[in-house]
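Heads up: the structure comes next, in structure tokens.
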Amino acid sequence: MKLVKNTSGRFVFQLTPREQRLFVEVLELYPLIPDGTRKLTKQRGQATLDESQELLDEALAEQRVSNQRHLAKFLADPHRVHTMKSYTRLTLAASDMEFLLQVLNDIRVGSWILLGSPDCQTEKRLEVTQKNARYFWARELAGAFQSLLIAAMNLVQ
């Protein structure tokens, strides 16, 4: 995936067929952060904490559903994603980039959680198995795509 054009806050990337397939496969994993992993900790009283946690969980669930709808529309929009025979052109506004960074971050963090939240030492001992391989590649690809988007945004500043 490479940035081929940046004009007036619109970024145009070119992806090979393989990159485009991987990009879509990674995005289709969204949402990946398991429900209930975001916990409130700074509240007085258990009743207030439980009520606040329930409100947070509901808001996050609504946001995930909204993001899933937006992502589906995004990937189906021929003005944003235009596939040719030998490449795909991806045209993004700055707001699209921010949205994709949030989605990719969810996938990256969710993969890390599903791998057992390994620290550096634990990571070295983790074995790639048929059960967890998907999360290894998803975490790495999401991070790579995030890096490319951030690098393109930094060129503007």
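Structural remarks
- A count restricted to the stretch 5-19 and to residues that are surrounded by 11 or more Cβ atoms within 10 Å (Cβ to Cβ), part of a strand (DSSP E or B) and among the hydroxyl-bearing types (Ser, Thr, Tyr) stands at 0.
- Whenever a residue of the stretch 112-129 is among the β-branched types (Val, Ile, Thr), its partners that are modelled with pLDDT of 90 or more and in a helix (DSSP H, G or I), lying with C-beta atoms within less than 8 angstrom and at least six residues away or across chains, give the pairs 128/136.
- Evaluation of residue 131 against (1) more than 30 Å from residue 13 (Cα to Cα); (2) part of a helix (DSSP H, G or I); (3) of a type outside the set (Ser, Thr, Tyr) (one fails), failing number: (2)
- Among residues of the stretch 91-140, those that are hydroxyl-bearing (Ser, Thr, Tyr) and surrounded by 12 or more Cβ atoms within 10 Å (Cβ to Cβ), counted: 3
- All positions within the stretch 80-99 that are over 17 Å from residue 8 (Cβ atoms), touching a residue at least 60 places away in the same chain (Cβ under 8 Å) and not in a strand (DSSP E or B): 86, 87
- Residue among 73, 131, 124 that alone is of a type in the set (Lys, Arg) and under 25 Å from residue 36 (Cβ atoms): 131
- Which numbered condition residue 135 misses (of (1) over 23 Å from residue 18 (Cβ atoms); (2) in contact with a helix residue (DSSP H, G or I) (Cβ under 7 Å, 6 or more places away or on another chain)): (1)
- Qualifying residue in the stretch 50-66 (condition: under 16 Å from residue 26 (Cβ atoms), surrounded by 13 or more Cβ atoms within 10 Å (Cβ to Cβ) and among the polar types (S, T, N, Q)): no
- Contact annotation: residue pairs with Cβ atoms under 7 Å, 6 or more positions apart or on different chains, pairing a residue in the stretch 9-30 that is more than 19 Å from residue 94 (Cα to Cα) with a partner that is in a loop (DSSP other than H, G, I, E, B), are 16/87; 19/1.
The values are calculated or read from the model by the stated rules, or taken from the named source; none is laboratory data. Computed from a predicted model, the values in this text were never measured in an experiment. Positions of Cβ are generated from backbone atoms using ideal geometry, with glycine treated the same way; all protein chains shown enter the neighbour counts.
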